[in-house]
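S.K.: Please find one structure pasted underneath; my questions will follow.
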Amino acid sequence: MFSRTVLVAVCLFLLTVHGLLSFEDVDAFEVDPTSVTHGQYTLVAIHPHDPDAFTEGLLFHDGILYESTGLDGKSFVREHSTNQFGVHVKEFRFPADVFGEGIAILDDKIYALTYKSKVGFVLDRKTFALLDTFHFETTTGEGWGMTTDGHSLIVSDGSAAILFLDPSDMHVVRTINVTRADGSNVRNVNELEYVQGDLLANVWFTNTILRIDAATGRVIETLNLDHLPTLEGHVGAMHGRWKADAVMNGIAYNPANQHVYVTGKLWDSMFELDLNAPRHHIRRHSY
């Protein structure tokens, strides 16, 4: 049995892991097998993650990792220690009857979505004090993922729609639909992360991350991470009583090192990835 150190060493020795999509899985979960590119990445490190955290939102801000979770009675927003991932130094607990969802930080405030309550929470980023609540509407009536481009709050709702909300009053500024190359919609868009004009998105019940043009909604790249949950000993929940719920969710981009961190609901590990692979090595696909 490989140790965690050996597994990481092997992955680093191999340098680059190619995303090879299974067309059967793609069809089942509505990810486009003919999008422009299939992404390439390097597994940099494996970090600890709370196996009791039903991860809904994940982000970096000023070098600090923040996380939000779901489940009634178990929903929270946490600030992780800068010295050790998996150890939190601050926590805000949602009311017991509220299912937490994605988070975003804008103007030193943490905005936190909820699943079906149509009510969000605004926290002071430094103290985690509750500053305000807000009402929001989406195409499904649900809140899923959230991020920001520095101006709008960008929200997914489990459909193909991504809504840009004005943080001053939460009205919808504009909406894009996530679409395949043939123009058809990709449903079940979940956690979001805004990175340099693009959106990275989880798709519920897949191990695929989409890179989406934030202006048009068009999928411009797919990244298959099927092998990550199979690394022995790293995703125990995938094989236990919560197997059906322990899906990949949570994408955080760290501008300091330009790495992307991904995890899942009830996963005991978080994976640090370098997506800056040379473009000429990426497999291209016709429309």
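S.K.: Just to verify a result, which residue in region 126-138, among those that are more than 20 Å from the chain's Cα centre (by Cα) and in a loop (DSSP other than H, G, I, E, B), is farthest from THR175 (Cα to Cα)?
M.R.: Across region 126-138, the extreme among qualifying residues is THR127.
S.K.: Go through region 161-180 and give me each residue that's in a loop (DSSP other than H, G, I, E, B) and either in contact with a Leu (Cβ under 9 Å, 6 or more places away or on another chain) or crowded, with 18+ Cβ neighbours inside 10 Å (or both).
M.R.: Scanning region 161-180 gives ASP166, PRO167, MET170, HIS171, VAL178, ARG180.
S.K.: So, one more: Within region 60-74, which residues are out of contact with any strand residue (DSSP E or B) (no Cβ under 8 Å at 6 or more places or on another chain) and over 16 Å from LYS116 (Cα atoms)?
M.R.: ASP62
S.K.: Among the residues of region 133-151 satisfying the criterion of being in contact with a Leu (Cβ under 6 Å, 6 or more places away or on another chain) and either of a type in the set (Gly, Ala, Ser) or more than 18 Å from GLU56 (Cα to Cα) (or both), which is surrounded by the fewest Cβ atoms within 10 Å (Cβ to Cβ)?
M.R.: GLY143
S.K.: Against the definition (without any contact (Cβ under 8 Å) to a residue 24 or more places away in the chain and within 15 Å of LEU106 (Cα to Cα)), how does ASP132 come out, yes or no?
M.R.: yes
S.K.: Given the condition touching a His at 6+ places or on another chain (Cβ under 7 Å), without any contact (Cβ under 8 Å) to a residue 60 or more places away in the chain and not in a strand (DSSP E or B), answer yes or no: does some residue in region 87-101 qualify?
M.R.: So far as region 87-101 goes, yes, one or more of its residues are touching a His at 6+ places or on another chain (Cβ under 7 Å), without any contact (Cβ under 8 Å) to a residue 60 or more places away in the chain and not in a strand (DSSP E or B).
S.K.: Among the residues in region 119-132, are any buried (at least 21 other Cβ atoms within 10 Å of the Cβ), aromatic (Phe, Trp, Tyr) and either modelled with pLDDT under 95 or farther than 22 Å from ALA201 by Cβ (or both)?
M.R.: Yes, that holds for at least one residue.
S.K.: Take region 198-230 and flag every residue that is surrounded by fewer than 17 Cβ atoms within 10 Å (Cβ to Cβ), modelled with pLDDT of 95 or more and either part of a loop (DSSP other than H, G, I, E, B) or at positive phi (or both).
M.R.: ALA215, THR216
S.K.: Could you tell me whether ILE105 is over 18 Å from ASN249 (Cα atoms), under 20 Å from the mean Cα position of the chain (by Cα) and not in a loop (DSSP other than H, G, I, E, B)?
M.R.: yes
S.K.: Right, LEU113: under 22 Å from HIS49 (Cα atoms), at pLDDT 95 or above and of a type in the set (A, V, I, L, M, F, W, C) or not?
M.R.: Yes, satisfied.
S.K.: Follow-up question, since we're still on this one. Name the single residue, out of those in region 243-287 being of a type in the set (Phe, Trp, Tyr) and over 18 Å from GLN40 (Cα atoms), that is modelled with the highest pLDDT.
M.R.: TRP267
S.K.: Right, next: Being without any contact (Cβ under 8 Å) to a residue 60 or more places away in the chain, among the hydrophobic types (A, V, I, L, M, F, W, C) and over 13 Å from THR139 (Cα atoms): is that true of LEU210 here?
M.R.: So LEU210 fails the test.
S.K.: Turning to a different aspect of this structure: Given GLY143, GLY183, GLY150, GLY158, which one is small (Gly, Ala, Ser), assigned to a loop (DSSP other than H, G, I, E, B), closer than 23 Å to LEU200 by Cβ and free of Cβ contacts under 8 Å to residues at least 12 places away in the same chain?
M.R.: Of the residues listed, the single one that is small (Gly, Ala, Ser), assigned to a loop (DSSP other than H, G, I, E, B), closer than 23 Å to LEU200 by Cβ and free of Cβ contacts under 8 Å to residues at least 12 places away in the same chain is GLY183.
S.K.: Go through the residues of region 96-114 one by one and say whether even a single one is surrounded by 14 or more Cβ atoms within 10 Å (Cβ to Cβ) and over 25 Å from VAL262 (Cα atoms).
M.R.: No, that holds for no residue.
The values are calculated or read from the model by the stated rules, or taken from the named source; none is laboratory data. Since the structure is predicted, the reported quantities are computational estimates derived from the model, not experimental observations. Methodologically, a virtual Cβ is constructed for each residue, glycine included, from the backbone with ideal geometry; neighbour enumeration extends over all protein chains shown.
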